[in-house]
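Asks: I'd like to ask you about the structure that follows.
The values are calculated or read from the model by the stated rules, or taken from the named source; none is laboratory data. Nothing here was measured: the structure is a model prediction, and the numbers come from that model. Note: ideal-geometry Cβ built from the backbone for every residue, glycine included; neighbour counts use all protein chains shown. With ligands, DNA and RNA removed, areas are computed over all heavy atoms of the protein, side chains included. Shrake-Rupley method; radii C 1.70, N 1.55, O 1.52, S 1.80 Å.
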Amino acid sequence: QEQLVESGGGLVQAGGALRLSCAASGRTFSRYIMGWFRQAPGKEREFVAAFMTSDLTDYSDSVKGRFTISRDNDKNTVYLQMNSLKSEDTAVYYCAAGTKWPMRETTRIDYWGQGTQVIVSS
């Protein structure tokens, strides 16, 4: 079983950058596809990015070219580098682990983190 803990959220001005981290506590981290979702107030949780291998990643159209997902299996950690942030990126960001690709639907997620808040001020 995996436990996921996010960190790195906060308040940033539009155009700025943040890096989110997600630390996994289980011993089978490397077996999972890792991803990020987000949920803005009053909206459904939506897919942001997923990492299967260094050659196979997936991004939503809204973040492609601005966000980068990466992982370090030695540290049991997945990252989300967020650049050129916009006010519409404001949301709670959730780390996710699953075994199905593509990882674009919440029904494909086996484990969720508790979320970390990102607020982008314009």
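Asks: Whenever you get a sec, line up MET34, MET52 from highest to lowest accessible area (probe 1.4 Å, protein heavy atoms).
Replies: MET52, MET34
Asks: To the nearest 20 debye, what charge dipole does the chain have about its Cα centre, counting +1 at the Cβ of each Lys and Arg and -1 at the Cβ of each Asp and Glu?
Replies: About 40 debye.
Asks: Students often check this: by mean Cβ neighbours within 10 Å, which of 41-49, 86-94 ranks highest, and how do the rest follow?
Replies: The most tightly packed comes first, giving 86-94, 41-49.
Asks: So, one more: Using just the Cα positions, wrap the stretch 40-108 in a convex hull and report its mean projected area in square nanometres, one decimal place.
Replies: That works out to 5.1 nm², a quarter of the Cα hull's surface.
Asks: Another question about this same structure. Which order do you get for ASP58, ASP110 if you rank them by accessible area with a 1.4 Å probe, largest at the top?
Replies: ASP110, ASP58
Asks: HN-Hα J couplings of the stretch 84-91 from phi, Karplus 6.51/-1.76/1.60, θ = phi - 60°, integer Hz, Gly and Pro as x?
Replies: In residue order, the calculated couplings are 6, 5, 10, 4, 6, 7, 4, 4 Hz.
Asks: Taking LYS100 as the anchor, which aspartates and glutamates have their alpha carbon closer than 18 Å to its alpha carbon, excluding any fewer than eight residues away along the same chain?
Replies: GLU2, GLU46, ASP55, ASP58, ASP110
Asks: Give me the distance between the Cα centres of the stretch 43-70 and the stretch 103-122, rounded to whole Å.
Replies: The stretch 43-70 and the stretch 103-122 have Cα centres separated by 11 Å.
Asks: Could I get the Rg over Rh figure for the stretch 1-82? Both from C-alpha atoms, Rh via Kirkwood, rounded to two places.
Replies: Taking Rg over the Kirkwood Rh, I get 0.96.
Asks: Out of all DSSP beta bridges in the chain, what portion is antiparallel? Express it as a percent rounded to 5.
Replies: If we restrict to bridges inside the chain, about 90 percent are antiparallel.
Asks: For TYR32, enumerate residues with amide H under 5 Å from its amide H, sequence gap 5+ or separate chain, H modeled in the peptide plane.
Replies: Placed amide hydrogens put nothing under 5 Å from TYR32.
Asks: Amide H of GLY16: which non-local residues (sequence gap of 5 or more, or other chain) have their own amide H closer than 5 Å, using H built in the peptide plane?
Replies: So GLY16 has HN proximity to LEU85.
Asks: Using a 1.4 angstrom probe on the protein heavy atoms only, could you order ARG19, ARG104, ARG31, ARG66 from most to least accessible area?
Replies: My answer, sorted largest first, is ARG31, ARG19, ARG104, ARG66.
Asks: I've got another one for you. If you plug each phi of the stretch 25-35 into the Karplus form 6.51 cos²θ - 1.76 cosθ + 1.60 with θ = phi - 60°, what whole-Hz ³J(HN,Hα) values come out, in order, with x for Gly and Pro?
Replies: These are the phi-based 3J(HN,Hα) values: 9, x, 9, 10, 3, 5, 7, 9, 6, 10, x Hz.
Asks: Using the Karplus curve 6.51 cos²θ - 1.76 cosθ + 1.60 with θ = phi - 60°, work out ³J(HN,Hα) for each residue of the stretch 67-74 in order, rounded to whole Hz, and write x for Gly and Pro.
Replies: Using θ = phi - 60°, the values come out as 10, 9, 9, 8, 8, 10, 5, 5 Hz.
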